[in-house]
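Just so it is clear, none of the values below were taken in a lab; they were calculated from the coordinates. On a predicted model such as this, the values are computed, not experimentally measured, just so you know. Don't worry about glycine lacking a Cβ; one is built from the backbone with ideal geometry, like all the others, and counts go over all protein chains shown.
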Amino acid sequence: MKVKVKLFAMLREMAGREETILEVPDEISCEEVLLHLQTELPVLGSVLKPCLIAINGRYVDKVVDVSEGDEVAILPPVSGG
């Protein structure tokens with residue numbers, strides 16, 4: 001199945017793009033999507049591990065399954081003062 005992955009902040013800068021379409025197995029969790037993304041964009045490396053994930057605009061846990069046509073947003077942790 002195909003899943004759209006949107007990248008934000010430093011992830012977008014590191015990857016050199018705002019989004020990508022991944023071809024993934026039919027039954028896949030958010031965590032497994034991150035592994036596929038790391039394979040396609042190795043520059044992201046271990047930076048993905050602490051990131052937050054949203055599916056179709058709602059934050060989810062990494063064990064949640066992704067469905068065909070979902071938009072997966074990956075947001076790096078934010079720090080500030």
Sum up the charges of everything whose Cβ sits under 15 Å from the Cβ of Val78, counting Lys and Arg as +1 and Asp and Glu as -1, but leave Val78 out. 0
In the set (1) -0.44, -0.78, -1.15; (2) -0.56, -0.90, -1.17; (3) -0.39, -0.74, -1.21, which value of log10 I(q)/I(0) by the Debye sum over Cα atoms at q = 0.14, 0.19, 0.24 Å⁻¹ was calculated from the structure you see? (3)
Computed for the stretch 1-63: size of charge dipole around the Cα centre, +1 on C-beta of each Lys and Arg, -1 on C-beta of each Asp and Glu, debye to nearest 20, value 240
Subtract the Cα-Cα distance of Met14 and Ser46 from 0.36 nm times their separation in residues, and report this length gain in nm to one decimal. 10.3 nm
Percent RCO, i.e. relative contact order, over the stretch 1-69, from Cα pairs under 8 Å lying at least 6 residues apart: 38
Cβ-based charge dipole, the chain, positive-most Cα from His36, Val47, Met1: Val47
Simple label model, 7 Å out from Cα along Cβ direction - Glu31 to Lys6, nm: 2.5
Rounded to the nearest Å, the spacing of the alpha-carbon centers of the stretch 38-68 and the stretch 13-27 is 10
Per DSSP H run of n ≥ 4, the term is -39500 (n - 2.57); total these for the chain, divide by its residue number, and report the mean residue ellipticity at 222 nm rounded to 500 deg cm²/dmol. -6000 deg cm²/dmol
What are the residues whose amide H is under 5 Å from the amide H of Leu41, where those residues sit 5 or more places off or on another chain and H is modelled from the backbone? none
A correct Karplus calculation of ³J(HN,Hα) over the stretch 3-18, with 6.51 cos²θ - 1.76 cosθ + 1.60, θ = phi - 60°, whole Hz and x for Gly and Pro, returns 10, 8, 10, 9, 10, 10, 6, 5, 5, 4, 5, 5, 7, x, 7, 8
